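Right, one structure below, let's go through it.
The values are calculated or read from the model by the stated rules, or taken from the named source; none is laboratory data. Just so you know, these numbers come straight off a predicted model, no measurement behind them. Don't worry about glycine lacking a Cβ; one is built from the backbone with ideal geometry, like all the others, and counts go over all protein chains shown.
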Amino acid sequence: MDKIASFTVNHDKLDRGMYLSRVDRNIVTYDIRMKKPNGGDYLGNGELHTLEHLFATYARNSSVSDSVIYVGPMGCRTGFYLLVTDDIPHDRAIELVKESLRFIAEFEGEIPGSHREECGNYLEHDLPRARITANDMLTILENYTENDIYYKE
């Protein structure tokens, strides 16, 4: 079998940030890397789950919601994938991620979709950790531009 594209990226050289992972027809996949791969510090399950609920809720209610295909966590617990249609320019995708992170960093109250009938693991959430991670990522993405989204060799 052919190696999938994400496995061809040297994870030892990858750092936290936002990267253009791939483009398939009109779908653009971004790698939102919140933790350094193989660094020993990973997103906790509750934190990851809360980030997912809040990130997806914000993105799917944003001004570009019709172009948002998917927001979901990486199995390695180092970040998220954001899939959008190619009508969103890279700089707008960066801004969407920053808006989503600000939303998470400032969020208070009941986590959307956190009732038993709405979620398959409704008890496992960690809003305080999710807010810390969102704030941390905002610092990393503060001056991000389209030039920063490409994987380094």
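Could you count how many residues in the range 18-68 are farther than 29 Å from Glu118 by Cβ and of a type in the set (Val, Ile, Thr)?
Looking only at that region, the number is 1.
Do the conditions hold for Ile32, that is, is it under 12 Å from the mean Cα position of the chain (by Cα) and not acidic (Asp, Glu)? First the steps, then the outcome.
Details: under 12 Å from the mean Cα position of the chain (by Cα): yes; not acidic (Asp, Glu): yes.
It is true that Ile32 is under 12 Å from the mean Cα position of the chain (by Cα) and not acidic (Asp, Glu).
Looking only at the range 104-153, which residues are aliphatic (A, V, I, L, M) and either under 15 Å from the mean Cα position of the chain (by Cα) or more than 11 Å from Thr50 (Cα to Cα) (or both)? Working first, answer last.
Taking the range 104-153 and keeping what is aliphatic (A, V, I, L, M), we get 104-105, 111, 123, 127, 130, 132, 134, 137-138, 140-141, 149.
Scanning the range 104-153 gives Ile104, Ala105, Ala130, Ile132, Ala134, Met137, Leu138, Ile140, Leu141, Ile149.
Go through the residues of the range 63-73 one by one and say whether even a single one is crowded, with 20+ Cβ neighbours inside 10 Å and closer than 16 Å to Asp136 by Cα.
no
I'm trying to understand the selection: among the residues of the range 110-153, which are free of Cβ contacts under 8 Å to residues at least 40 places away in the same chain, assigned to a helix (DSSP H, G or I), within 16 Å of Leu96 (Cα to Cα) and not hydroxyl-bearing (Ser, Thr, Tyr)?
Asn135, the sole residue that qualifies.
Any chance you could count how many residues in the range 21-49 are in contact with a Phe, Trp or Tyr (Cβ under 6 Å, 6 or more places away or on another chain) and among the hydrophobic types (A, V, I, L, M, F, W, C)?
1
Working only within the range 8-61, note down all residues that are closer than 18 Å to Asn147 by Cβ, among the charged types (D, E, K, R) and either part of a loop (DSSP other than H, G, I, E, B) or in contact with a Lys or Arg (Cβ under 7 Å, 6 or more places away or on another chain) (or both).
Listed by number, the residues that qualify are Lys13, Asp15, Arg16, Arg33.
Which of the residues that make up the range 23-49 are within 15 Å of Gly72 (Cβ to Cβ) and either at pLDDT below 95 or surrounded by fewer than 18 Cβ atoms within 10 Å (Cβ to Cβ) (or both)?
Ile27, Asn45
For Val71, only one of the following conditions fails: (1) touching a Leu at 6+ places or on another chain (Cβ under 8 Å); (2) farther than 20 Å from Tyr122 by Cα. What is its number?
So Val71 meets the others, but not (2).
Only one of these is closer than 29 Å to Glu110 by Cβ and either in contact with a Cys (Cβ under 9 Å, 6 or more places away or on another chain) or β-branched (Val, Ile, Thr) (or both): Val9, Val84. Name it.
Working: Val9 fails: closer than 29 Å to Glu110 by Cβ.
Among Val9, Val84, only Val84 is closer than 29 Å to Glu110 by Cβ and either in contact with a Cys (Cβ under 9 Å, 6 or more places away or on another chain) or β-branched (Val, Ile, Thr) (or both).
Looking at the structure I just gave you, is Ile88 touching a residue at least 60 places away in the same chain (Cβ under 8 Å), assigned to a loop (DSSP other than H, G, I, E, B), more than 15 Å from Ser21 (Cβ to Cβ) and β-branched (Val, Ile, Thr)?
Details: touching a residue at least 60 places away in the same chain (Cβ under 8 Å): yes; assigned to a loop (DSSP other than H, G, I, E, B): yes; more than 15 Å from Ser21 (Cβ to Cβ): no; β-branched (Val, Ile, Thr): yes.
No: the conditions fail for Ile88.
If the requirement is being touching a helix residue (DSSP H, G or I) at 6+ places or on another chain (Cβ under 8 Å), crowded, with 17+ Cβ neighbours inside 10 Å, farther than 24 Å from His11 by Cβ and small (Gly, Ala, Ser), which of these qualifies: Ala130, Ala105, Ala56, Ala134?
Values: Ala130 fails: farther than 24 Å from His11 by Cβ; Ala56 fails: touching a helix residue (DSSP H, G or I) at 6+ places or on another chain (Cβ under 8 Å); Ala134 fails: farther than 24 Å from His11 by Cβ.
That would be Ala105, the only listed residue that is touching a helix residue (DSSP H, G or I) at 6+ places or on another chain (Cβ under 8 Å), crowded, with 17+ Cβ neighbours inside 10 Å, farther than 24 Å from His11 by Cβ and small (Gly, Ala, Ser).
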